[in-house]
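Have a look at the structure below, then the notes.
The values are calculated or read from the model by the stated rules, or taken from the named source; none is laboratory data. Note that the coordinates shown come from a computational prediction; the quantities given were computed from them, not determined experimentally. Here Cβ is always computed from backbone atoms with ideal geometry, including for glycine, and neighbour counts include all displayed protein chains. Keep in mind that these areas ignore ligands, DNA and RNA; they rest on the heavy atoms of the full protein, side chains included. Shrake-Rupley method; radii C 1.70, N 1.55, O 1.52, S 1.80 Å.
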There are 2 protein chains.
Amino acid sequence: MIIKKIGLRSLAAGLLTLFFWGTTSAQDKNLVVRIARIVIDSAQLENYRTALKEGIETAMRVEPGVLTFYAVYEKNNPTHLTILEVYANTDAYKSHLETAHFKKYKTTTRDMVKSLELVDAAPIELLSKMKQ
Amino acid sequence: MIIKKIGLRSLAAGLLTLFFWGTTSAQDKNLVVRIARIVIDSAQLENYRTALKEGIETAMRVEPGVLTFYAVYEKNNPTHLTILEVYANTDAYKSHLETAHFKKYKTTTRDMVKSLELVDAAPIELLSKMKQ
């Protein structure tokens with residue numbers, strides 16, 4: 001009887017693992033990844049960074065489908081930024097473009113951005129142990 | 001007396017907040033961020049991806065100071081990769097370069113890499129809610 005119980009528990013655990021494994025894989029397949037390579041007008045750099053941070057923090061806080069915003073600058077060219085964005089799926093990405101905070105960011109920064117290259121990307125590995 | 005207690009609690013909470021804020025800022029200041037822009041020989045792409053994934057997964061598992069490896073490819077140019085790496089500090093980065101798994105990755109992939117651009121970067125925002 002004890003063995004039977006353990007057997008059932010193992011089966012249940014196995015099914016749960018399969019379920020979550022399936023969920024994770026499906027989620028990964030739907031992820032939308034974008035790389036933005038941006039050059040900012042040096043005179044506007046501080047203003048741009050402020051607007052960017054506000055836009056990112058709001059998106060991360062209020063949009064469940066906005067999964068990652070990694071924004072970095074090049075040490076030798078602080079006006080050269082790379083932003084790596086990950087969305088849960090296409091709907092989450094489209095919905096982000098319609099938010100008030102994204103539109104505010106775009107309007108505020110329009111004249112600060114000297115060039116913008118947007119690249120559609122897809123994950124090979126996305127691993128992080130950083131705490132938020 | 002109750003007010004005095006609440007006052008002390010608030011003070012303690014405030015000091016704790018300051019302490020953790022300070023810790024976080026200090027940690028962020030030490031972070032080492034690298035962007036690698038890599039072009040792979042198309043005939044070797046699958047082999048390269050296998051070697052890269054093995055190197056990343058080992059580094060993330062065995063090196064506490066390796067905080068993030070985000071490796072993505074461009075959808076329109078699958079041989080064009082961007083890897084964003086975050087290390088806890090300079091020592092963690094230097095120690096990573098000396099590991100057996102990193103050396104194995106470098107040796108294995110030497111003839112698969114057509115070009116490699118390494119960029120020293122620094123964080124503006126690094127926010128993610130993805131589960132590992």
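Details
- Using a 1.4 Å probe over protein heavy atoms, the accessible area lost on pairing B with A, summed over both chains, comes to approximately 3900 Å².
- Among the residues of the range A:42-57, those with an accessible-area drop of 20 Å² or more from chain alone to full protein complex, heavy atoms and 1.4 Å probe, are A:Arg49, A:Lys53, A:Ile56, A:Glu57.
- For the range A:36-132, trypsin sites (Lys or Arg not before Pro) are listed when DSSP marks them as loop and at most 16 other Cβ atoms sit within 10 Å of their Cβ; the list is A:Lys75, A:Arg110, A:Lys129, A:Lys131.
- Summing +1 for each Lys or Arg and -1 for each Asp or Glu among the other residues whose beta-carbon sits under 14 angstrom from that of B:Lys131 gives +2.
- Shortest-first distances to equivalent copies, position B:Asn89, nm, label 7 Å out along Cβ: 4.3
- FRET efficiency, 1/(1 + (r/R0)^6) with R0 35 Å, evaluated for B:Asp28 and B:Thr108 via beta carbons: 0.60
- Restricting the GluC sites (Glu not before Pro) of the range B:41-132 to loop positions (DSSP other than H, G, I, E, B) with no more than 15 neighbouring Cβ atoms within 10 Å leaves B:Glu98.
- Extension gain from A:Leu116 to A:Ala36, taking 0.36 nm per residue of separation minus the Cα-Cα distance: 28.1 nm
- Förster radius 45 Å - calculated FRET efficiency between A:Asn89 and B:Asn89 (Cβ-Cβ, nearest 0.05): 0.80
- Peptide A:76-87 has a mean shielding of 3, counted as Cβ atoms of other protein chains within 10 Å of each residue's Cβ.
- Each other copy holds its own label point for B:Thr107; taking that point as 7 Å from Cα along Cα to Cβ, the gaps run 5.9 nm, nearest first.
- Number of partner chain Cβ atoms within 10 Å, mean per residue of B:33-39: 2
- Label-point distances for B:Asp41 to the equivalent site in the other copies, using a point 7 angstrom along Cα→C-beta, read 4.7 nm when ranked shortest first.
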